[in-house]
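The values are calculated or read from the model by the stated rules, or taken from the named source; none is laboratory data. What you are looking at is a predicted structure, and each value in this text was computed from that prediction instead of being measured. As a convention, Cβ positions derive from the backbone with ideal geometry for all residues, glycine included, and neighbour counts pool all protein chains shown. Side chains are part of the model used for accessible areas, which takes the heavy atoms of the whole protein and leaves out ligands, DNA and RNA. Shrake-Rupley method; radii C 1.70, N 1.55, O 1.52, S 1.80 Å.
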Amino acid sequence: MTPFAPDVYADRRRRAAAQAAAAGLAGVLVTPGPDLRYFLGYTPAADTERLTLLAIPASDDGGGDAVAVVPKLEAHDLEVGAVGGIEAVAWSDGEDEHEVAGRLLRPDGRYAISDAAWALHVLGLQRARPASSYAAVTDVLPMLRAAKSPEEVARLAAAGAGADAVFAEIVTRRFAGRAEREVSDDLDALLRAHGHEQVDFTLVCAGENGADPHHEAGDRVIREGDMVVMDFGGLADGYGSDTTRTVHVGAPTAREQEVHDVVRAAQQAGVDAVRPGATCQDVDRASRAVIADAGFGEFFVHRTGHGIGLTTHEPPYMVEGEDTPIEAGMCFSVEPGIYLPGEFGVRIEDIVVAFPAGVSGLADTPDAGVRLNTSPHEVVIVE
């Protein structure tokens, strides 16, 4: 991933310190994975049992000084790989690394800790500071990475454009007579050809398999008359793509066309619901209402969307009960679907950015959501 400027990472740490203070936390503890890349621009060569931790103390003005704890044998890697100067404490094999890290913590502090933190380390910190407590970042600071900067939106837009290029190419290839797995392999290769350094999923769900939202591509041979759901994405320059389109081998039946039209209208309704004052659940409600009104409500079996950024699934979630207000810069999927057991399924998915006023290359719309995917939404006929 191409790093951002050092002041970008410093500003992110300041915002985390302020958000932790506002939530009544003692700070944020960041372990290897997307959180560490976000706050430090650093990824260890390997995520092993050795503790690497970034401690960001809470501060009302966001002015707390973060400190990194790192194995001594990787201290040079941190010095070279991290963006911007930051104090580091190195520990040696044979030392109690949790005791070393515990010296940076308030003895009775409550800390947000990365979702991906190893239980080994959470329990080790608890042992070193028995009066301390820990909660997953997603539970106590779910919006920590949710609002993207213009630079992040630009990377998400580029990843989305790459996924759109993949779709434009895949629909020119033959489907009938090939196994789902073969088309899935094509999607993988095309994502890499269009700038993705990591492919996370290439779902190809033909005919009755389309009724399973997370069906893994297998040996089922695609036939004339099949509806085919394709859901694919990954990371390009560190930021995610995720799009779904449903195509048809030959002309669809009237019933298949009807279902696709309902999903298309539901997807549009979800995008249209992104307005100032709206909440995440409003997007889910808007899409779900269209499907329910058409008589297919019981066959829409998942949330309408999820956030995307350094990972392809992250907060916020477009689901009933999530009353978090939608903020400028939030990026998330809008992906309603209808799944008819034993018959077929339809899903249409775009990544949407909320209120991206001033973002280069995007419409200047301070009061709406803008799609980062522009592939056709109608049924595309393939051979």
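Here are the numbers for the structure shown:
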read-out	value
Fluctuation leader among E87, E224, E343 - the chain, Gaussian network, Cα springs under 10 angstrom	E87
Förster radius 41 Å - calculated FRET efficiency between D60 and A119, Cβ distance, rounded to 0.05	0.85
Point-to-point label distance, V380-E258, nm (Cα→Cβ direction, 7 Å offset)	2.7
With every protein chain in place, the chain: carbon and sulfur % of accessible area (1.4 Å)	51
Per residue, in Å², the accessible surface of the stretch 83-199 once ligands and nucleic acids are set aside, probe 1.4 Å	46
GNM result for the chain, Cα springs below 10 Å: residue of S333, S133, S92 fluctuating most strongly	S92
Size of electric dipole in the chain: Cβ of Lys, Arg +1 and of Asp, Glu -1, about Cα centre, debye, nearest 20	480
For the chain: relative contact order, % (alpha-carbon pairs under 8 angstrom, 6 or more apart)	15
Ranked order, H377, H248 - accessible area, probe 1.4 Å, largest first	H377, H248
Distance between modelled label sites at T324 and E224, nm, 7 Å Cα→Cβ extension	4.9
Length gained when the stretch S360-R15 is fully extended (0.36 nm per residue, less Cα-Cα span)	121.8 nm
Computed label-point distance, nm, for sites A289 and D185 using a 7 Å Cα→Cβ extension	4.7
Contact order relative to length of the stretch 125-224, as percent, for alpha carbon pairs under 8 angstrom and 6 or more apart	26
By average C-beta atoms within 10 angstrom, highest first, the peptides 181-192, 304-315, 227-238	227-238, 304-315, 181-192
Separation between Cα centres of the stretch 302-332 and the stretch 4-29, rounded to whole Å	21
Residue among V379, L104, C331 farthest towards the positive dipole end of the chain, charges placed on Cβ	L104
